[in-house]
Amino acid sequence: MMRAIKILVTLAAVLLVLLIILMVSIPHIIDFNEHKDELEAAIHRTTGYEVRLIGDIELAFVPWLIINTGEAAVANPPGFEPDNLASVRELQARLRVFPLLMGRIEMERIILHGLDLKLIKDQDGRPNWVVAEREMSKKNTSGLAWADEADTQQETSRRMRIPEMDIAGLEMLDANISYQDLATGQHIMITDLNLDSGRITQEEPFEVTADWNMTNFEPRLDGRFSLTTTALLTENQSRILLTDTVLDMDLEGDPLPEPIHEGRLQADIDYAFEENVLEISNLSLQALDGELQGHVLAVNLDAIPEITFELEGENWDLDRLINAENNYENNPEINPTDSAEQDAQIQADQDNDIEEIDLSFLHEYRLDGTISMSQTTVYQALIDELSTTILSGDGRLELSPLQAFLYQGTLEGSVFVSDVDGEAHVEADYTLSDVQVGPLLNDVADMDFLTGRAEIISDLRTFGTHEDMFIGNLFGSMVMEISEGTIRGIDLDYEIRDAFARVFGEQRPVEDEEGITEFSAFTATYEIASGIAVSEDLSITSPVLEVQGDMRLDLPESHLDSRSRVFLDGALKEEIGRRYALPDAGIPLRIRGPFDDVRVTLDVEFLIEDLIREDGERLLREFMDRMRPEEENNGIQDFLREIIPR
């Protein structure tokens, strides 16, 4: 029995030696370049892909499986354009055979030059990189069905593990990779990709460097990137860690308000294949003079991603992130001295650039995180500190609570955005406390007509399919109180003294060049409908006067109209009352005009009518007698003569 076993072992050893000799000898006996057609046909039968071996081939099997090819190409599957799915100018790979039989990959440095990979999805969502099941079935071999691609990807991600490997490195030069979705119009191209790595093995970190150009065609975005990182394949063979990752970038294109030069992203990245979970820690982004730091965790990446985050930012000018395509200053065809042409061009650009708001972000992601910002600019307003909790998903976005410190005051509130049949519905409730309204208006609207400390409580609602609809569809209410402030552009004290002096022919007072009305309180309650805010309880009080009336703000037309009456108080009332008869109804005051050119006037003629009604002809004759001769042609005297001839 033992003799028989010894004979069998000897025969097996002899056969193994003969097999090794045969495997070593075949590459020297057979010239594979003379049998390219057979090799191409065998690859087609096995994989379903049509391969063209254009350059010279070198194959060997023991102790290395050596594959050296010149130019080669893989054709697109049937139903796609007659172009290549992939081509390569040179491929060098040396793989040890015996470790492979034990499930371990040992390779020398892989060299891949001139890769050109074109990934395409057709109008039906069929990818060109997956051979259709019906094609594979004709060859009696297994394959992947493109119709169940999503399920296949999900299952693959759960099963995917990195095999045990020891690769001397990877060198990729002059690679081009593109992705095009014919159904959605998405088209991305990576060109001039160069990649180099150190020795690749489990539980041993290795360096990776890469640089490439990228173009996104719609919207147009061009960029240049360079990457350095330290990679680590984990022991359980299902995760990859990228530590000390640094991605430098230069970007420009339609989505950006201005080019990004020398932008930098730094992070540690952990991706688990089996769980399909991505974690980004020690995140730091520098771009457009701003910085963002924090932590991001994304799960359920093969369905609707669920993203949690904690982010902190500093020195971000969000206005620079808003792309204002109607900026005529960048249009060389417009003469900057021709105001009419500027206005016409701006309006035409605005009409052409109106786009519906894309609300897909409310459905494609689930967000749950916090963000805090310092020294942030929004609509030219400088916010010292801003913090909020963001919840998003299932067609709704919540920013609540929303807190900010700005202009020596605070803001507290919440914002909600909902997708209602493709229409954005926005709700905003907030309270401003102790905010210095003067610097705020100056920064936001370049206006310098109002100062004081503001308390504002608002409850606002709006809706629309594009931003221009939001103002016209604004509804809600607002309560405003401004204390210890000034109104620039009019001195009501002076205007009242001057009006009475002109009426009675007395010496007119000296006008203060600043033209300021001081007040202790400025209050109003507004009801807002269709973008028009109306207040019927406008009140301005100061030590010497009080204004009561109404105000109408037409926000779509940027126009203000207010009718009110001025009642004198304190020292001014005592002074005017001693010398003149004051109307009990107060002095009419009119404020009106576009927001950037508001006019304030006292209705003197109406004042005289009130005086006439109260004191009759006697007072009127006294007025006429006291008129100075040199003022016989003044408008007040003419008006009086029309009422009662002398």
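Side notes on the structure shown:
- Summary of the geometry: the range 395-427 and the range 258-326, compared by the centres of their Cα atoms, lie 21 Å apart.
- Accessible carbon and sulfur surface of the range 463-526 relative to its total accessible area, %, 1.4 Å: 48 percent
- Of the trypsin sites (Lys or Arg not before Pro) in the range 177-279, those whose Cβ has at most 15 other Cβ within 10 Å and which sit in DSSP loop: R199
- Å² of accessible area per residue within the range 370-509, as computed with a 1.4 Å probe and no ligands counted: 48 Å²
- FRET efficiency for the L278 to D83 pair, using the beta carbon distance and R₀ = 45 Å, is estimated at 0.85.
- Virtual paramagnetic centre 7 Å along Cα→Cβ of E575, amide N under 14 Å, in the range 535-551: 543-545
- Each peptide in 593-601, 80-88 gets a packing score, the mean of other Cβ atoms within 10 Å over its residues, and the list from highest to lowest is 80-88, 593-601.
- Between the C-alpha center of the range 463-493 and that of the range 174-203 there is a gap of 51 Å.
- Efficiency of FRET from Cβ geometry, D561 and Y179, R₀ 51 Å, rounded to 0.05: 0.35
The values are calculated or read from the model by the stated rules, or taken from the named source; none is laboratory data. Please read these numbers as outputs of a predicted model, since none were measured by experiment. Positions of Cβ are backbone-derived with ideal geometry, glycine not excepted, and every protein chain shown enters the neighbour counts. Please note that ligands, DNA and RNA were not included when accessible areas were found on the heavy atoms of the full protein model with its side chains. Shrake-Rupley method; radii C 1.70, N 1.55, O 1.52, S 1.80 Å.
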